[in-house]
Number of protein chains: 2
Amino acid sequence: MREQRSQEPTARAVTMADVAERAGVSVATVSRVISESRPVAESLRDAVLGAASELGYQVNLVGRALRKGRTSTVGLLVPDLDNPFFSSLAQHLSTAFEGSATDMLVFSTCGDLEVERRGVESFLGRQVDAVVMIPCHEIDSTASVLRAAQASLTVQLDRQVVDADVHFVGCDNAQGMGLITRHIRRDVDVADKPAVYVGAHAVSSTGHERFEHFTREFPESPTYLGEFDFGWGQQAVDQILEDGMTRGTIVAAADIIALGVIARLHHHGLRVPDDFRVIGFDGIGVARFAHPTLTTVRQPVEEIGRTVLDLISSPSSKPAPRAIRIAPNFVAGNSSPA
Amino acid sequence: MREQRSQEPTARAVTMADVAERAGVSVATVSRVISESRPVAESLRDAVLGAASELGYQVNLVGRALRKGRTSTVGLLVPDLDNPFFSSLAQHLSTAFEGSATDMLVFSTCGDLEVERRGVESFLGRQVDAVVMIPCHEIDSTASVLRAAQASLTVQLDRQVVDADVHFVGCDNAQGMGLITRHIRRDVDVADKPAVYVGAHAVSSTGHERFEHFTREFPESPTYLGEFDFGWGQQAVDQILEDGMTRGTIVAAADIIALGVIARLHHHGLRVPDDFRVIGFDGIGVARFAHPTLTTVRQPVEEIGRTVLDLISSPSSKPAPRAIRIAPNFVAGNSSPA
DNA sequence: TTGTAGGCGTTATCAC
DNA sequence: GTGATAACGCCTACAA
């Protein structure tokens, strides 16, 4: 026979003083037991833990944070959680922190610079131990990045602003694009299916770098630049067809763009990879949803998460700013087979 | 000529006392100006704001939180941020909080009950103003939900545990399944394409309810139960084909399952919707990635986010626990056309 | 309207 | 090894 259990917000919080009184010791001793900061005689330890348990005591981390000057909190600033690659980064960052007693504040900027600025201020006001941010814009986000870095340990994730000497962890885009161009040179008859690039305007370092390394390898190839989203991939296909292409190898700057490209090619009755090959970049989980499966370059998000954690919890409190580039892996799919 | 600007973590934080000294007023006055809690003579106000600005003062929210007993923080507990529907909920919750000076702690439980338990404890220790959680399990998460509700304002999101009188905001699954069954009765020749259900084991209220309402309408139809993921959708197709079906209308309990179903049908050379119709549930953004586009029932995530916010920032500090069910919308796609 | 002072819950320093 | 006590940064009676 189960009874309705109802919601009854807290009467008054149990504090260390309550535990101390109950256990017949001083608050200092309670603190030492709870925080395990110093050895305490076993008898007192048991008394304290017993009292704490009976009273349902739980440490108040706000009080602790104020006293210690550390919050065990990191702030993650991300342009859009609806973007599968960004939410994947958030997921793996969260799991990397798992067990380190660190919690993660998440703030979505919706790609808006002013919102991004406020997000940084909010995190700093909350005294986060570190700010991890995916800057919205390669240039215009510089002020926010520098502001964060001046007041807190800061790591740029995935994208970095130009000209700021602040930690960065992201994919080695040069190497990733190298994997793609090598695949094309080896497996594709470029005379039959010329390479085309569908990328993003150079407002982010990722868009910038991927474009640069593609054009270095295929300087004569046409390029189309838009946004990092599904809709742009669709539009790009229309432009490519208007420009008279009927066959080709479309290199997209991101999987999400590639998925839009594939969807639109299907819509026009074109076959992948028979008419157009399609190659993506990022390795998002939903790339499996594509039909055919997407040939892409995968960023090792788990490793990226761990790397950020290492940087943040570095023993030296002030490590030299570094740009860490993680090597991506080629993922063979059917959208551009070997 | 731009110089390298480098990362130099804070010397010492500027405090209200510093501002007060500089402005030649008391800390109380500074506090009143900064927090806009009481009127202050304009001359002093200007002096304070000037001093604050010169010193680069920013309020320390940890100190404020300790004093006020409110942190302006809510904790979001989610099983998996890599799940597009959950990350979409996170995104819209984040944007709903935008401008309310409330920040969001996010914790991914990875579907693990013990991790979920620890997440709740961590949030409570951090004195969050509210806990918003998507429980992992319909029954086994009950303890965590009740623990949260006993210590803080708590809202269950999307899924609810049985037998706990705690706020809930989620989709009206009965109504959603009603939209689907109505579509089938109206647009599908069930004699030619019999209905099949591919759902999830009843470990979550969503899985439970959707299954229940489907079988109520189609009691004779075969049902296949697995997980809420892409891989299960693929497996289910193999089972359905092994069981000898060659045509049918597959109702999936979630879009993510439906996408796996479609991918696997293609793999077997079967056509959608010619051989098998496919219908999803949730309305995740990536449903557009499917080819053909997915016929589904969309949960209004924006409205869900706003509703949670309303509940949390309710003026009455102790509103009666309520289950709020938001009506979903039918989204016509090509995977099951009219 | 402004200042003084106490305390939110915790930890660190200093005695014992 | 243990206890008293002073901060941490802020807000809010209370007094002036």
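The values are calculated or read from the model by the stated rules, or taken from the named source; none is laboratory data. Here the structure is a predicted model, which means the values were calculated and not measured. Cβ: placed from backbone, ideal geometry, glycine included. Neighbour counts: every protein chain shown. When the accessible area is computed, the model is the full protein with side chains, heavy atoms only, and any ligands, DNA or RNA have been set aside. Shrake-Rupley method; radii C 1.70, N 1.55, O 1.52, S 1.80 Å.
Computed about its Cα centre, the charge dipole of the protein assembly as shown is approximately 1500 debye, with only Lys, Arg, Asp and Glu carrying charge at their Cβ. Taking every DSSP beta bridge that has both ends in the protein assembly as shown, the antiparallel portion is near 10%. Mean partner shielding of peptide A:78-88, defined as the number of other chain Cβ atoms within 10 Å of each residue Cβ, is 5. Inter-chain Cβ neighbour count for A:280-289, averaged per residue, equals 4 (cutoff 10 Å, partner chain atoms only). Shortest first, B:A174 label-point distances to identical copies amount to 6.3 nm, with the label point at 7 Å from Cα along Cα→Cβ.
Share of antiparallel DSSP beta bridges in chain A, in percent to the nearest 5? Can you show the working numbers first?
Working: 3 of 38 bridges.
For chain A, the DSSP antiparallel bridge percentage is about 10.
Both the radius of gyration and Dmax for region A:163-293 are 14.2, 49 Å, in that order, over alpha-carbon atoms.
If R0 is taken as 56 Å, the Cβ-Cβ distance between B:R247 and B:Q58 corresponds to a FRET efficiency of 0.30. Between A:L113 and B:N329, the C-beta separation translates, for a Förster distance of 41 Å, into a calculated FRET efficiency of about 0.80. One compactness figure for region A:104-189 is 1.36, namely its Cα radius of gyration divided by 2.2 N^0.38 Å. Label point of A:D238 (7 Å along Cα→beta-carbon): distances to the other copies' equivalent points are 4.1 nm, sorted ascending. When the alpha carbon gyration tensor of region B:127-171 is reduced to an equivalent ellipsoid, the three semi-axes, largest first, read 15, 12, 8 Å.
When only the heavy atoms of the protein chains count and the probe is 1.4 Å, how do A:D163, A:D274 rank by accessible area, highest first? Let's see the in-between values first.
On the way: A:D163 40, A:D274 75 Å².
If we order A:D163, A:D274 from most to least accessible, we get A:D274, A:D163.
Rg and Dmax of chain B, both derived from C-alpha coordinates alone, stand at 25.8, 86 Å.
Within the assembled protein chains, the solvent-accessible surface assigned to B:S100 is about 50 Å², based on a 1.4 Å probe.
For region A:29-79, which GluC sites (Glu not before Pro) pass both filters: DSSP loop (anything but H, G, I, E, B) and at most 12 other C-beta atoms within 10 Å? All intermediate terms of the calculation are to be shown ahead of the outcome.
Details: sites: A:E36, A:E42, A:E54; in loops: A:E36.
The qualifying sites are A:E36.
What separates the A:D112 label point from its copies, with the point 7 Å along Cα to Cβ, is 3.7 nm, written shortest first.
With every protein chain kept in place and ligands, DNA and RNA left out, what is the accessible area per residue of chain B? Probe 1.4 Å, answer in Å². Solvent-accessible surface per residue comes out at 42 Å².
Pick from A:F85, A:F123, A:F218: which residue has the top mean-square fluctuation in a GNM of chain A where Cα pairs under 10 Å get a spring? In this elastic network of chain A, the residue with the biggest mean-square fluctuation among A:F85, A:F123, A:F218 is A:F218. Each peptide in B:176-185, B:71-80, B:329-338 was scored by the mean count of other Cβ atoms within 10 Å over its residues; highest first, the order is B:71-80, B:176-185, B:329-338. Taking the Cα centre of region A:1-140 as reference, the dipole from Cβ charges on Lys and Arg (+1) and Asp and Glu (-1) amounts to some 740 debye.
Which of the GluC sites (Glu not before Pro) found in region B:199-268 are loop residues per DSSP with 15 or fewer other Cβ atoms within 10 Å of their Cβ? Write out the running numbers ahead of the final one.
Details: sites: B:E209, B:E212, B:E217, B:E220, B:E227, B:E242; in loops: B:E220, B:E227.
Passing both the DSSP loop test and the Cβ count: B:E220.
In the protein assembly as shown, Rg over Rh equals 1.00, where Rg is the alpha-carbon radius of gyration and Rh the Kirkwood radius from pairwise Cα distances. Averaged over the residues of peptide B:99-107, the number of Cβ atoms from other protein chains lying within 10 Å of each residue's Cβ is 5.
Distance between Cα centroids, region A:139-163 to region B:225-247: provide it in whole Å. The distance from the Cα centre of region A:139-163 to that of region B:225-247 comes to 47 Å.
Counting protein heavy atoms only, chain B has 49 percent of its accessible area on carbon and sulfur, 1.4 angstrom probe. A 1.4 Å probe, protein heavy atoms only, puts the accessible area of B:F289 near 10 Å². Normalised by the number of residues in chain B, the average gap of Cα pairs under 8 Å and 6 or more apart makes the relative contact order 14 percent. The Rg/Rh ratio of region A:52-150, with both radii computed over alpha carbons and Rh defined as the Kirkwood radius, is 1.06.
In what order, largest first, do A:E121, B:E116 sit by accessible area if the probe radius is 1.4 Å? Each step should come with its number before you reach the end.
Working: A:E121 45, B:E116 0 Å².
Reading off the accessible areas and sorting them downward yields A:E121, B:E116.
Chains B and A together bury roughly 6200 Å² of accessible area, counting both sides, with a 1.4 Å probe on protein heavy atoms only. Of all the C-alpha pairs in region A:224-337, what % are more than 22 Å from each other? Here the long-distance tail beyond 22 Å is 41 percent of all Cα pairs in region A:224-337.
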